[in-house]
Amino acid sequence: MHKFSYSNVKREMEVYGYDSVVKSHCRMCHGGCGVYVYVKDGKAVKIAGDPDCPINHGTVCSKGIASIQLAYHPDRLTYPVRRVGAKGSGKWERISWDEALDTISEKILDYKKSFGAESIVMGYGTGRENEGVIYRFANLLGTPNVLTAGHFCYGPRIATTIITCGSNPIVDYENHPKCIMVWGNNLVISNPDCYKGEPFSVSLDAGAKLIAVDPRLTRIAARADIWLQLRPGSDTALALGMLNVIVNEKLYDRQFVENHVHGWEPFVERVNEYPLEKVEKITWVSKEKIRNAARLFATTKPAAIQWGVAIEQQINCADNNRALLALMGITGNIDAKGGQVLFSAPKIRNVSQFGAHKMLPREQAAKRLGGDRFRLAGNFAIINPKCVWDAILEEKPYPVKMLFFISSNPLMTRANARAVYQALQKVDFMVVSDFFLTPTAQLADIVLPAATWLEMDYIGDFWKRHGYILPRRKVIQVGECRSDHEMLNDLAHRVGQGQYWWDTFEGGLDYILEPMGITWKDFKKMDYIRGEVKYQKYKEKGFSTPTGKFELYSTLLEKWGYDPLPCFREPPESPYSTPELYKEYPYILITGRRLPGFFHTENRQVPWLRELHRDPVVEIHPETAKREGIEEGDWVVIESPRGKVRQRAKFFPGMDQRIISAEHAWWFPEKKDPGHGWDESNINILTNNSYDNCDPAMGATHVRTLLCKIYRE
Amino acid sequence: MQKYALIIDNERCWGCKTCEVACKQENGKPNGVKLIRVKEDGFRAGGNGLDFVFEVNVCRHCEEPACMEACPEEAIVKREDGIVILHEERCSGCQLCIDACPYDAISLDPQSGVAQKCNLCYQRVDSGLLPACADNVCLAHCIYFGGPEEIREKIRKGI
């Protein structure tokens, strides 16, 4: 372990006269860092990292520090409100919690009686660690419909890893991989699910070789030994090309392949369909670079792949993941020390058990929207958003009458935002729980004031796969805000689920911890609990898959009617799949690069964070800008066949001239109109949500690459 | 006499801007005034063609500060420990220091009309604490505070 310098907590208290300090667990993103919250006169006044936390080793990020500005923000919703004008009119009146929850429970019971529980769709976005309670509420209510980002974010990682090797293999940075391949991920900015950038950075400083796969020259790409600057959306082809090298040069782990994989022969046949000549044409990456990267990755032990959401928001979502899993597997890095480990959680009730999936009656599960169409997603209780919008707008296969979004802003974050708007306008009744009156909340009937992480007790990271749980301790109370857990616990009693819930949600925390023989009050005194760490568990127990093997050839995908081996599909809109369209829209638009300070739609009203990034920025190559008559800083129009939005041009020479890179999730809390300019710069005005633009198994909407034109406003 | 320096290893900076916000939390400067700033225009020629690096800009606490020479109010002083302090209460807002600084590390607070720069969190340092940006916030661990020799040694050892 490195020794890092940091200030003494006791001295900090003395010098600034703080009254107390609380160790807690941040949730401004999915990183989940241990923090100190300093308190003075009953208010949280300073956030610092906890040097003893194994996740972040005392480092923090801009979002974590700015949590206090979020919690005490003057625009924050601090009591429940009911809409009194037309949808989107911005006219609200204050109501009590009792009135709000009584109204919601009456509606829930009415819709359930008249249209079936499936007519009520619950939802969350990336999830503020409320996933477990939302699924629990929905399953006990009898609705199979929980609309999350899970179709194209993290859900695919869980689904594809479970069917391939039983769990999500997490990079073992603690034991310093000797080679790290970062695939479409900027974890030093985004701190994605199960990861924080710091341990990666330390491993790199410790001498790991670095391969970066990214269409843009990120700093990770700049520091890489090999940068594979691929054509956006061609990831599966690139991975299959690397597998081709590893298989044909016999660089794979023979012992692992002989004893622990399922489907080697058909897998070899498949990768042989991707010779490097072909892969070079598809990916725009030279044969030599692909070969060198494959050799470096396969011959450096231990090695690991750092992946994330970018490869999942594509039509090849499941196959992107499965091809990368194959790379991890056949090189012998799965469950290897310093490779990618199938970490065991502490012996608690896990998020799946807590989510009460087994309580959902079979006949209700069979009604899951899109369950027949996207069968990998359906088997993991995940649905595609368009299925919900269609059910509202066309009442097929049955009407959806109520939406209940908890920490979700789908108007900004789901493809084809105009269709989302229509559905939210039409739906009979909508409830939102959030920090602010977001553009989505402005279309709701009732909005509930949600607590931030500073305002709740919870078992942090209990849904993750890195094997740790950490206590999140309540520090402050803001207005009448309540955690989503407390809110649903209360609502559950009002809709007749009381027997499965608790007097207060502390009972729920005790229930999660019960198998360990401890209560929340015990856990609250601890720093963290880690599950047992063991490597290569498959040697004794096999993999938790139908064949007990690492399934290169997926028996489950085969059973559900899909290609059991990964293959490359050309993106639905591209120079090659739609050459005619490419003449009119001559650039490949990539969307959603990560920005310091923001977490999707969040934080644009937080002063310290908005100061980092005032305007939505579209990156354009200087040569392209010259050709289009665009100057640095110009407001430009980005147009796709679906619509147009405006962002500000920034010159960025670190990508192919044929690529434009736009930001996502932009709205303007400072704008006075109730919609806060939701459709001005929202990149999802441009994206396509049609079913043939989605991964056939997972339902992931292909939002990361499309065709566009760009011109000065 | 203990000498202090703040050294940032730009080659290891990831551009996350946590240092900027840590500075805000400590020093509470208004919107638009950044005492430490991560610059994003660092494209340069490299081994494989194009390279890119973040550059963190902050007061260098120069040996012979040009800003100090330029200030007619004697609002800028260099302490024996090396920290260069701009005393805002003595600043008249003439902006000569801003023109004199070769590093673009001083800015004018439009609200108060006085110049602002990094004072190396001397209020913390004098109390035995680390400057906010150097207090282990950085995920790259690339912001060093301490004696110049000691820092060189740390960088040499790679910690």
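Values in this text are rule-based calculations from the coordinates and carry no lab data. Values in this document were obtained by computation on a predicted structure and should not be read as measured data. All Cβ positions, even for glycine, are placed from backbone atoms using ideal geometry, and neighbour counts span all protein chains on display.
Got the relative contact order for region A:579-712 handy, in percent, Cα pairs under 8 Å and 6 or more residues apart? Intermediate values should be presented prior to the final figure.
Numbers: 256 pairs, mean separation 47.1, N = 134.
Value for region A:579-712: 35 percent.
What number in nm² do you get for region B:5-157 if you take the convex hull of its Cα atoms and divide its surface by four?
Computing the convex hull of the Cα atoms and averaging its projections yields 10.0 nm².
Label region A:579-712 by shape, choosing from rounded, prolate and oblate, from the square roots a ≥ b ≥ c of the eigenvalues of the Cα gyration tensor; if a/c is under 1.5 it is rounded, and otherwise prolate applies when a/b is larger than b/c, oblate when it is not. Don't jump to the answer; show the numbers that get you there.
Details: a/c = 1.71, a/b = 1.15, b/c = 1.49.
Oblate is the answer for region A:579-712, as a/c is 1.5 or above yet b/c matches or exceeds a/b.
Taking amide H positions as placed 1.01 Å from N in the peptide plane, with prolines and chain starts having none, which residues 5 or more places from residue A:689, or on another chain, fall under 5 Å of its amide H?
The answer is A:416.
If you take every residue apart from residue A:712 with its C-beta less than 15 Å away from the C-beta of residue A:712, what net charge results, scoring Lys and Arg +1 and Asp and Glu -1? Could the numbers behind the result be given before it?
Values: positive: A:626, A:627, A:644, A:646, A:648, A:650, A:709; negative: A:628, A:631, A:632, A:634, A:639, A:713.
That works out to +1.
Check residue A:46: other-chain or 5+ apart residues with amide H under 5 Å from its amide H, H built from backbone geometry?
A:38
Taking N as the number of residues in region B:1-95, what value does Rg over Cα atoms divided by 2.2 N^0.38 Å take? Show your work: numbers first, answer last.
On the way: Rg = 16.3 Å, N = 95, 2.2 N^0.38 = 12.4 Å.
Ratio of Cα Rg to 2.2 N^0.38 Å: 1.31.
Need one value for A:593-599: mean number of C-beta atoms belonging to other chains within 10 Å of its residues' C-beta atoms.
Numbers: counts 0, 0, 1, 8, 5, 0, 0.
Per residue, the number of nearby Cβ atoms from other chains is 2 on average.
Counting only residues 5 or more places away or on other chains, whose amide H sits under 5 Å from the amide H of residue A:171 once H atoms are built in the peptide plane?
Long-range HN contacts for residue A:171: A:341.
Can you tell me the orientation of helix B:148-157 relative to chain B, as the angle in degrees between its alpha-carbon axis and the longest Cα principal axis, to the nearest 10?
Once rounded, the angle reads 10 degrees.
Taking only C-alpha pairs under 8 Å that are 6+ residues apart, what is the relative contact order of chain A in percent? Don't skip to the answer; put the middle values down first.
Working: 1567 pairs, mean separation 132.1, N = 713.
RCO, chain A: 19 percent.
Can you list the HN-Hα couplings for region A:558-573, worked out from phi with the Karplus curve (6.51, -1.76, 1.60; θ = phi - 60°), rounded to whole Hz and with x for Gly and Pro?
Running phi through 6.51 cos²θ - 1.76 cosθ + 1.60 with θ = phi - 60° gives 4, 4, 8, x, 10, 4, x, 10, x, 9, 9, 10, 5, x, x, 10 Hz.
Where both partners of a DSSP beta bridge lie in region A:579-712, what percent of those bridges are antiparallel, to the nearest 5? Each step should come with its number before you reach the end.
Values: 18 of 26 bridges.
Expressed as a percentage, antiparallel bridges in region A:579-712 total about 70.
Only bridges whose two residues both fall in chain A count here: according to DSSP, what percent of them are antiparallel, nearest 5?
Working: 42 of 82 bridges.
Percent antiparallel among DSSP bridges in chain A is about 50.
Hey, can you rank A:123-132, A:204-213 by average C-beta count inside 10 Å, highest first?
Highest-to-lowest ranking by the protection proxy: A:123-132, A:204-213.
Go through A:672/A:709; A:301/A:537; A:337/A:464 and tell me which ones have a Cα-Cα distance over 22 Å in this structure. Before the final figure, lay out each step's value.
On the way: A:672/A:709 30 Å; A:301/A:537 18 Å; A:337/A:464 19 Å.
Check vs 22 Å cut-off fails for A:672/A:709.
Alpha carbon centre of region B:87-159 versus region A:638-708: separation in Å?
Between the Cα centres of region B:87-159 and region A:638-708 lies a distance of 39 Å.
Using only helices, what value at 222 nm comes out for chain A when you add -39,500 (n - 2.57) per DSSP H run of length 4 or more and divide by the total residues, to the nearest 500 deg cm²/dmol? Could you put the intermediate results ahead of the total?
Values: 29 runs with 224 residues, N = 713.
Theoretical 222 nm ellipticity from helices: -8500 deg cm²/dmol.
When only C-alpha pairs under 8 Å and at least 6 residues apart count, what is the relative contact order of chain B, in percent?
Details: 261 pairs, mean separation 47.1, N = 159.
For chain B, the relative contact order is 30 percent.
Does a label point 7 Å from the Cα of residue B:78, set along Cα-to-beta-carbon, have any residues of region B:50-64 with amide nitrogen under 20 Å, and which are they?
Inside the label zone: B:58-64.
Rounded, prolate or oblate: which fits region A:408-494 when a ≥ b ≥ c are the square roots of the eigenvalues of the alpha-carbon gyration tensor, with rounded for a/c under 1.5 and prolate only if a/b beats b/c?
Working: a/c = 2.28, a/b = 1.61, b/c = 1.41.
Taking the square roots of the gyration eigenvalues as a ≥ b ≥ c, region A:408-494 is prolate.
Please average, across the residues of A:4-12, the number of beta carbons from any other chain that are within 10 Å of each residue's own beta carbon, and give a whole number.
Numbers: counts 5, 11, 6, 10, 3, 0, 0, 4, 6.
Rounded to a whole number, the mean comes out at 5.
Starting from the alpha-carbon convex hull of the protein assembly as shown, give the projected area averaged over all orientations, in nm². Each step should come with its number before you reach the end.
On the way: hull surface 140.1 nm².
That works out to 35.0 nm², a quarter of the Cα hull's surface.
Per-residue Cβ counts within 10 Å, from other chains only, averaged over A:210-223: what number is that?
Working: counts 0, 0, 0, 0, 0, 0, 1, 7, 3, 12, 1, 4, 11, 6.
Mean partner-chain Cβ count within 10 Å for A:210-223: 3.
Enumerate the calculated ³J(HN,Hα) couplings along region A:32-41 in order (Karplus 6.51 cos²θ - 1.76 cosθ + 1.60, θ = phi - 60°), each rounded to whole Hz, writing x wherever the residue is Gly or Pro.
Couplings: x, 8, x, 9, 9, 10, 8, 10, 9, 6 Hz.
Using θ = phi - 60° and the Karplus curve 6.51 cos²θ - 1.76 cosθ + 1.60, what whole-Hz ³J(HN,Hα) does each residue of region B:131-140 get, with Gly and Pro shown as x?
x, 4, 6, 9, 8, 6, 7, 6, 5, 8
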